[in-house]
Amino acid sequence: MQITKKRYYTPEEYLELEEVADYKSEYIDGQIIPMVGGTANHNRISLNLSAALNFVFRQQDYEVFMGDVRLWIFQKRTYTYPDVMILAGEPEFFNNRKDIILNPQIIVEVLSKSTKGYDREDKFQAYRTISTFQEYLLIDQTRIHIDQFSKTGKKQWTLREYDEEDEAIALVTVPFEISLQDLYNKVKFEPVESEGESIDVEGLR
């Protein structure tokens, strides 16, 4: 792809290219990385969560942004597009640009096969340099599984896992809870192999 041929780009060059690009890309310390296209399951999960958050927060001082708003991570010189961001209070915008956020409190990523390792490791490490960042959700789109990381102190995080369809996730740093049935509503899981037989796992209703 043309925008990745140059070895190094300044953040300003990246933003100029991103304005006219036909697809979204991330910027990581001089490199422009085209993003993988989303799946139907990815979209369903992001919408289910965002819709529930918006409803609960309609009278509260929190705001929800989805994947079209960039996040600038100053210490890592990174621009990225989190799937969902939750902010407390007023959003802080970079250089008064209304499409670049600086102060998320909670970040949610819906995992894909090609990016799940990056989301768990390097991206999480970058997110932890943001002073307002307190909680991280990693949602699997191929099975019922969520990892919830919450900050408990300086350089200290706890992990809770969810993998039962009758469970509910309660966020630690904001007043919000959603059942896994609602989170995975209309999600269609691919067939899985078990003991030599093909089993069609239906999406939750």
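Would you mind getting me the FRET efficiency between Asp99 and Gln59? Use the beta-carbon distance for r and R0 = 30 Å, nearest 0.05.
0.70
Which whole-number value in Å² is the accessible area per residue of segment 1-150, probe 1.4 Å?
Averaged over the residues of segment 1-150, the accessible area is 51 Å².
Which value, in debye to the nearest 20, gives the size of the charge dipole of the chain about its Cα centre, when Lys and Arg are +1 and Asp and Glu are -1 at the Cβ?
Charge dipole of the chain: 840 debye, to the nearest 20.
As a check on your grasp of the helix formula, calculate [θ] at 222 nm for the chain: sum -39500 (n - 2.57) over DSSP H runs of n ≥ 4, divide by the residue count, round to the nearest 500.
Taken over the chain, the calculation gives -5500 deg cm²/dmol.
Excluding Thr152 itself, calculate the net charge of residues whose Cβ lies under 15 Å from the Cβ of Thr152, where each Lys or Arg counts +1 and each Asp or Glu counts -1.
Neighbourhood net charge equals +4.
Pairing the Cα long axis of helix 40-56 with the longest principal axis of the chain, what angle in degrees results, from 0 to 90 and rounded to the nearest 10?
The two axes meet at around 90 degrees.
Only Lys, Arg, Asp and Glu count, each charged at its Cβ (+1, +1, -1, -1), so figure out the dipole size of segment 131-178 about its Cα centre, rounded to 20 debye.
That gives a dipole near 540 debye.
Among Val187, Met66, Ile144, which residue has its Cα furthest toward the positive end of the charge dipole of the chain, with +1 on Lys/Arg Cβ and -1 on Asp/Glu Cβ?
Met66
Assign one of three labels to segment 51-158, namely rounded, prolate or oblate, based on the Cα gyration tensor with a ≥ b ≥ c the square roots of its eigenvalues; rounded applies when a/c is under 1.5, prolate when it is not and a/b is larger than b/c, and oblate otherwise.
In terms of gyration-tensor shape, rounded.
To the nearest 20 Debye, how big is the dipole of segment 42-89 about its Cα centre, given +1 on the beta carbon of each Lys and Arg and -1 on that of each Asp and Glu?
It comes to approximately 180 debye.
Counting only protein heavy atoms and using a 1.4 Å probe, what share of the accessible area of the chain belongs to carbon plus sulfur, as a whole percent?
Result for the chain: 47 percent of the exposed heavy-atom area is carbon or sulfur.
Only bridges whose two residues both fall in segment 1-146 count here: according to DSSP, what percent of them are antiparallel, nearest 5?
70
The values are calculated or read from the model by the stated rules, or taken from the named source; none is laboratory data. Here the structure is a predicted model, which is why all the values come from computation and not from measurement. Ideal geometry is used to build each Cβ from the backbone, glycine not excepted, and the neighbour counts take in all protein chains shown. We work out accessible area using only protein heavy atoms, side chains counted, and drop any ligands, DNA or RNA first. Shrake-Rupley method; radii C 1.70, N 1.55, O 1.52, S 1.80 Å.
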